[in-house]
Amino acid sequence: MTATITPMDLATRILIVDDDPGLRSLISSFLDKHGFCTDTAGDPIEMRTMLEQNRYDVIVLDVMMPREDGLSALRRLQKDDGPPVIMLSAVGADIDRIVGLELGAEDYLSKPCNPRELLARIRTVLRRNAKAAGKEEAEPRPSPPGMVRFAGWSFDVMSRTLHDPAGKLITLSDGEFRLLRAFVDHPRRVLTRDQLLDFARGQDSEFYDRAIDVQISRLRRKLGESADGAELIRTIRSEGYMFVPTVSD
């Protein structure tokens with residue numbers, strides 16, 4: 001099963017330009033899994049052809065490529081008022097990084113880079129450019145109605161209260177509340193840990209990848225099972241978690 005697109009990533013299109021087909025495929029698959037729409041190009045010439053055909057929100061651009069290097073391609077992109085660029089370089093020399101940033105690159109990463117770090121840098125670039133343009137994120141986070149129901153449970157989002165099928169009030173921590181709100185807003189969809197971090201954490205909260213698992217474990221214990229004995233939060237191997245019951249107003 002594929003991961004659900006997060007609000008921040010919805011309709012975001014990324015172009016990956018690198019002469020290494022294996023790396024292009026790796027980065028593209030990872031970003032696709034996290035909700036982006038990605039295209040790839042093997043060199044700057046192919047990149048310009050792609051730019052004539054599509055609009056891109058970010059370009060991930062390798063520095064060292066045949067026929068034309070990434071810095072030269074970046075100069076042309078800046079001249080043409082192209083999309084934001086994140087540079088990748090296997091060299092990692094300070095001079096290349098400085099030149100790339102001075103030419104207008106939004107960010108610069110040394111290869112091999114952690115795909116999660118690249119994902120975080122892309123999201124930072126998107127937020128920064130949206131803020132500079134005076135816009136909201138590509139898709140505002142949906143706001144669920146005041147009261148929702150699932151499997152006999154009642155969850156009042158406005159008052160932050162949860163009642164079990166017998167009407168008993170169940171106390172939720174702030175982290176558990178945020179996670180449950182994310183689940184009821186996206187029922188019957190696979191949410192990765194990264195997506196749950198984006199949906200559930202507050203701007204100043206200290207959520208980490210494994211902390212999501214701990215919070216979900218605690219939330220599961222409080223929710224227990226549905227009346228028919230089925231689990232409410234299902235683990236999807238190698239993907240994330242799914243909130244199983246139907247949610248209604």
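For this structure, a couple of remarks:
- Pairs of Cα atoms farther than 22 Å apart, segment 13-132, %: 24
- Backbone amide hydrogens, once placed in the peptide plane, bring Thr12 within less than 5 Å of Cys37, excluding anything fewer than 5 places away on its chain.
- For Ile170, the residues 5 or more places off, or on other chains, whose built amide H falls under 5 Å of its own are Leu162, His163, Asp164.
- Nonlocal amide H pairs with Met65, under 5 Å, H built at 1.01 Å: Gly70
- J(HN,Hα) series, segment 236-241, from Karplus relation 6.51 cos²θ - 1.76 cosθ + 1.60, nearest Hz, glycine and proline x: 9, 3, 6, 10, x, 9
- FRET E, pair Ser72, Ile170, Förster distance 45 Å, beta-carbon r, rounded to 0.05: 0.15
Every read-out reported here was derived from the displayed coordinates using simple, explicitly stated rules and does not represent laboratory data. In this text the structure is predicted, and so the values were computed from the model without any measurement. Please note: Cβ atoms are built from the backbone with ideal geometry, for glycine as well, and neighbour counts cover all protein chains shown.
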